[in-house]
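Structure first, commentary second.
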Amino acid sequence: MEKKIRRFNTSKRGKQGADIMAAWDLSVTVEDLGPDTPPVSLSVTSDLHVGGVILKLVEKTQIKRDWSDHALWWEQKQCWLLRTAWSLEKYGIHADARLHFMPQHKPLKLGLPNGITLRLHACYSSPVFQTVMHICRMLNIRHPEELSLLRPIEEKKKKKDKDSTEEIYDLTEVPLSSASRPCLYNGMPAHFADSPQMEAVYKMLSVTQPPPAPEVIAKQYRPASVVDKAHINGRWLDSSRCLMQQGIQENDRLWLRFKYFTFYDIEPKYDVVRLTQLYEQARWAILLEDIDCTEEEMMLFGALQYHISKVSQSEPQMLSSSAAMDDLESALQSLEVKMEGESSSASEMLENMTAPELNDYLKIFRPKRLTLKGYKQYWFKFQDTSISYFKSKEESIGEPIQQINLKGCEVAPDVNMAAQKFLIRLLIPAPEGMNEVYLRCENEQQYAQWMAGCRLASKGKSLADNSYQSEIQSIHSFLAMQKTNSSSHGNAPANDESINTHSLVSPRYHKKYKAKQLTPRILDAYQNVAQLSLTDAVMRFIQVWQALPDFGLSYIVVRFKGSRKDEVLGIAPNRLIRIDLGVGDVVKTWRYNNMKQWNVNWDIRQMAIEFEGNVNIAFSCVTADCKIVHEFIGGYIFMSTRSREKSDVLNEELFHKLTGGHEAL
Amino acid sequence: MIVIQPPESLHELEDNDLDALMADLVADLNATEEKLAAEIKGLKTPSPTTSDLPPPTPASSAASSLPPPPPQNAKPTKEEIEAQMKADKIKLALEKLKEAKVKKLVVKVLMNDGSSKTLMVDERQNVREVLDNLFEKTHCDCNVDWSLCETNPELQLDRTFEDHENLVEPLSAWMRDSENQVLFQERGEKYEVFKNPQNFYLWKKDKRALKDIKDKDKEILIQENFCGTSIIVPDLEGVLHLKEDGKKSWKQRLFQLRASGIYYVPKGKTKSSRDLVCFLQFDNVNVYYGKDFKTKYKAPTDFCFVLKHPQIQKESQYIKYLCCDDARTMNLWVTGIRIAKYGVSLYENYKTAEKKAAVNSVWMNRSTPSSSNPSTPSPTIKDPAFPPPPPSLPAKSSSRPVAPQHKLPANFPPPPMAMDNLPPPPLPPPIDDSPEAPPDFLPPPPPAAGFGSLPPPPLSMNSLPPPPHFGGMDQSLPPPPPDPEFLPPPPPEPVFTGAGAPPPPPPPPPPPPAQAAAVPRAPVRPSGSVRKVPPAPPKRTTPSLQVGGGGGGGDFMSELMVAMQKKRGDH
């Protein structure tokens, strides 16, 4: 509790220190007595301090319990009486005041970026900035300043039955700790190690969710325009006021979201929950088209989601394994085996060192050649990064008909499971241009092996590369996906073998492509990410998201001074942009580092910003309170002041100074 | 001029060249082979005994022939030591095996003055190492612009190799009769984006504003775009002329550069991301400058660039030709594509090049102190970056901290903006409508008093803008006192006025800027591997040869031998 007493100017209540103090009745509703119990009446004098009121109140209730979290809430003025040393007079409380005595920490339903709802004790009396800090500490999320609370979008109350079945993870038993950083146990905060239930909660927080069913994606609210997106930003809570002051009641639902898109000092070792939730928020931003991307980018996002869900099932903890070490390890092992054997000369050893081969009959076709021969069968040999072919197996000792080096080539699949068509399309670079070559395989097994070989060879890796087997595996699982997609559709994903590719892309592509049409495209993108560890894949997803041109923009509809139409202000981590709603184009960009000062005229709710070079802009906010805009800008400037040396200490005061409005100072 | 030649051209080599090369190669190979043989011998002997559960081996036979003699009577864990030894040997053997297979090329590099130097480059060397090697040979000023370029006269293309690229690989793609060349040149555009990032990241702004940009703002741009979690590609968008596949005509299209590739807006569609059509992705292509395409391909201008697979050496429908209206646009696109393709490597290359240049300039300065770091307006030059203090706060200058400390916030890599750059937040309106904390709302803002009394004067406050004037309401209220100590943004240190905690210690002195710190140090990468290269052969006009061949050392050895014998026989 606040112990600090500030000197202050009492000019407004100049009659302080009056000699006569009359006793009067103060009525206080004690929440713990139940809603129907009438208020408790206390006889007080105006010089009684708040602490004294509480003492009297507790004595009168005759309930023995820990009241330390309780405080008085003044209903009419919408404020807490937290300064216990202040007298009633100082607070200006008279007999007509309706006071409530209640705990400062109450349960809150918190929607996480991954779509899961938690129930936990949040502080209803401190500024939201601090409340978020407490929540993040409990959940083990570093850099809470990047997150904030958002009022959820009202769900259409059509089907109530579904909402009631929603699972809520309960964290209300977690003791409120005051330690600045929770002590870790088994890599998680100690309070999560208490019971298997709690461990399950932590797992939910720190492990990515499986891809959502396509219907779930389709059902979610999707902003259709910049203006829709702007409306969402009007829902941010005010960081400088407390939950009670913003009308949030016990057990209300709020969303915890990353609000400032400058993710500072991400360290996978410490940021398991943070990274997971960031990934989830990014994933949903992509799936719900909150941020635009191209089709190619969508396929890459789909591939990364597929990979992440697959790897997180096999690799429960986020651990980055060192690929280089594995390489050496396996190389040494295979070498060791050979050493034990019979090798006696350098040449023999070289022989043994060479990569494994593939040998089989395949059919080849060269579409660019004018011969209309169609597919012709040859004996193929895959060695190192090259394919050679011979008339027959018997002639494979001699010179091949042709040898094709696949290094740097493009490989594309052309598979139709139903028609049993397994085609590998190769585009092979040569000085004269690219040569097209198709290889036709007989069956799935053969296709997976040769395709995996071609994929690796195109990147300059041989069959001996330790990723060869996993490459084969992933090709198999994608073939399996195509199988299930063609036989049944609309099924919710059960396990990784039967992921519906519609779960990986936004609804736009559900309409554009059938699931089995998506499979080869996602597989194509998947080849470039299949070797990533879980952490690296999550990081890659976030990086690709960050590299999108519209990344980090929060939109607000504003009316510029002197303008007659609404326009959109985009607030980014480093700049403000002005977007013409009619054309949708960025008309103007202002960077914060050229900003000299900004002011809020709270009276007419207008923001005025001055930039270097005598550039002045002013606007009023349409879809959000100007406090929200002010907090965004001040918040980003605050984010830019963070430095590595002091990353442990959050300069809360500076934040409030930069973002605060009325109540901040 | 030429790098790769058919073996026949060995005859054209001058004797002393060949001898020098030969001697070097033979020595190199013999050593390798001998060692390898020794290794294998050594490895073989202990293997039967150490198989599964190894009893302590009398490892004398193995030890005799091996470089690291094993401790004869290792007491505690012989198994471990032996396992370790074995691992070491295997590792060594692996290295040797690799060594034996290393491909080497003799590369002739054309200098600016028309002369040339011949180098042997092995396939593990990257362009940076080759450049360092050339620096030693040429005594140039080693500035960051020095580049290796490849030209393709047939296609009229050229490009600079990136410093992290491997040199042998792209050269191996050249055809035997290729007229391609490797040039050693100063190319300003190579690292222009790091010298003047505003020209790329703020290209839409008017040119005059870009010229006057402060160094500090440049630094912020680099931080934002190259030092974050993700590399940001300049947001290029504009109409370019595209040469249609296999046709002679050029067609205009609206192109957009994204991190994932180049896209265009199809006719009648909007510019929204979802409607963009992918023109090309960067995985398998390099970007080249086109020379004189107006004549060659009837291009609208001569400012053309080309995207193609590095292996394509002749005209082909798989080459994409693009034409820009002016040189600036062309450089924007080529640089943007390089950023998208190479990402952070580009920036790392620059930093390495800059260090190299800095080391060299230190050397140069010993003799000629006036010549300083010629072409690198590096982030190390900071002081001019600071804007003059706002005139309205003259009183403050007295309380300004000492100069070096200004740099403190600017030097931390992560924050995109330095503290001293903070615009002051607006003051709260002096409305007293809350009984919660009355004192906070009284006219004189309390932070002034709080900070004024704290001992360490806030650092990096030197360029504070004037305190914000009040919004609409202020006329009716007393103006804030003209307190010279009143500094709107608080210091970086968290200062909790009321809390019991002691004031935090003043921040430590700033670390020297990264580049400056590196100056006295030796170059980062020792160029040891380059040392094997034979001494530079005398200049010659004949084309040089290809040595090597991925498969094995034997081939080129015998080839060389034959060539030598032939040559000798001729005499």
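The values are calculated or read from the model by the stated rules, or taken from the named source; none is laboratory data. Everything numeric here is computed off the predicted structure, so don't read it as measured data. Glycine gets a Cβ as well: all are built from the backbone with ideal geometry, and neighbour counts include every protein chain shown.
In table form, for the structure just shown:
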| item | result |
| --- | --- |
| Of the criteria (1) over 28 Å from residue B:236 (Cα atoms); (2) within 7 Å of chain B (Cβ to nearest Cβ), which one residue A:618 fails | (2) |
| Residue list for region B:185-218, restricted to those being of a type in the set (Lys, Arg) and under 15 Å from residue B:143 (Cβ atoms) | B:187, B:190, B:195 |
| Flag if residue A:562 is at the interface with another protein chain (Cβ under 10 Å from one of its Cβ atoms) and farther than 26 Å from residue A:257 by Cα | no |
| Any chance residue A:279 is among the aromatic types (Phe, Trp, Tyr), surrounded by fewer than 21 Cβ atoms within 10 Å (Cβ to Cβ) and either modelled with pLDDT under 90 or on the phi < 0 side of the Ramachandran plot (or both) | no |
| Region A:526-550, subset more than 12 Å from chain B (Cβ to nearest Cβ), part of a helix (DSSP H, G or I) and not polar (S, T, N, Q), residue farthest from residue A:281 (Cα to Cα) | A:526 |
| Tally, over region A:102-114, of residues that are assigned to a loop (DSSP other than H, G, I, E, B) and under 18 Å from residue A:200 (Cα atoms) | 3 |
| Whichever residue in region B:134-186 is closer than 26 Å to residue B:331 by Cα and among the β-branched types (Val, Ile, Thr) and, among such residues, is surrounded by the fewest Cβ atoms within 10 Å (Cβ to Cβ) | B:151 |
| Extreme residue, farthest from the chain's Cα centre (by Cα), among residues of region A:398-409 that are loosely packed, with under 15 Cβ neighbours inside 10 Å and in a loop (DSSP other than H, G, I, E, B) | A:398 |
| Residue list for region B:219-242, filter: within 30 Å of residue A:278 (Cβ to Cβ) and more than 8 Å from chain A (Cβ to nearest Cβ) | B:219, B:221, B:222, B:223, B:225, B:226, B:227, B:234, B:236, B:237 |
| Selection status of residue B:280, buried (at least 21 other Cβ atoms within 10 Å of the Cβ), within 11 Å of chain A (Cβ to nearest Cβ) and touching a strand residue (DSSP E or B) at 6+ places or on another chain (Cβ under 8 Å) | no |
| Test for residue A:436: is it modelled with pLDDT of 85 or more, surrounded by fewer than 19 Cβ atoms within 10 Å (Cβ to Cβ) and under 43 Å from the mean Cα position of the chain (by Cα) | yes |
| Lone unmet requirement of (1) within 24 Å of residue A:459 (Cα to Cα); (2) at pLDDT 95 or above for residue B:257 | (1) |
| Qualifying positions in region A:589-618 - of a type in the set (D, E, K, R) and over 22 Å from residue A:640 (Cα atoms) | A:603, A:605 |
| Pick from region B:210-231, criterion aliphatic (A, V, I, L, M) and surrounded by fewer than 21 Cβ atoms within 10 Å (Cβ to Cβ), ranking: nearest to residue A:262 (Cα to Cα) | B:231 |
| Residues of region A:551-572 that turn out to be part of a loop (DSSP other than H, G, I, E, B), basic (Lys, Arg) and in contact (Cβ under 8 Å) with a residue 24 or more places away in the chain, as a count | 1 |
| Residue match in region B:211-225 (condition: farther than 18 Å from residue B:339 by Cα and under 17 Å from the mean Cα position of the chain (by Cα)) | no |
| Qualifying positions in region A:573-604 - outside any strand (DSSP E or B) and within 10 Å of another protein chain (Cβ to nearest Cβ) | A:573, A:574, A:583, A:584, A:585, A:592, A:593, A:594, A:602, A:603, A:604 |
| Flag if residue A:412 is in a loop (DSSP other than H, G, I, E, B) and surrounded by fewer than 21 Cβ atoms within 10 Å (Cβ to Cβ) | no |
| Residue within region A:646-655 that is more than 7 Å from every other protein chain (Cβ to nearest Cβ), assigned to a helix (DSSP H, G or I), aliphatic (A, V, I, L, M) and touching a residue at least 40 places away in the same chain (Cβ under 8 Å) present | no |
| Which numbered condition residue A:610 misses (of (1) charged (D, E, K, R); (2) more than 9 Å from chain B (Cβ to nearest Cβ); (3) more than 30 Å from residue A:411 (Cβ to Cβ)) | (2) |
| Residue A:269 free of Cβ contacts under 8 Å to residues at least 24 places away in the same chain, under 28 Å from residue B:224 (Cβ atoms) and either part of a helix (DSSP H, G or I) or not assigned by the TED database to the domain that holds residue A:572 (or both) | yes |
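Condition check ((1) aliphatic (A, V, I, L, M); (2) closer than 30 Å to residue B:219 by Cα; (3) crowded, with 21+ Cβ neighbours inside 10 Å) across all residues:
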| position | (1), (2), (3) |
| --- | --- |
| A:508 | no, no, no |
| A:524 | no, no, no |
| A:529 | yes, no, no |
| A:534 | yes, no, yes |
| A:548 | yes, yes, yes |
| A:554 | no, yes, yes |
| A:582 | no, no, no |
| A:592 | no, yes, yes |
| A:601 | no, no, no |
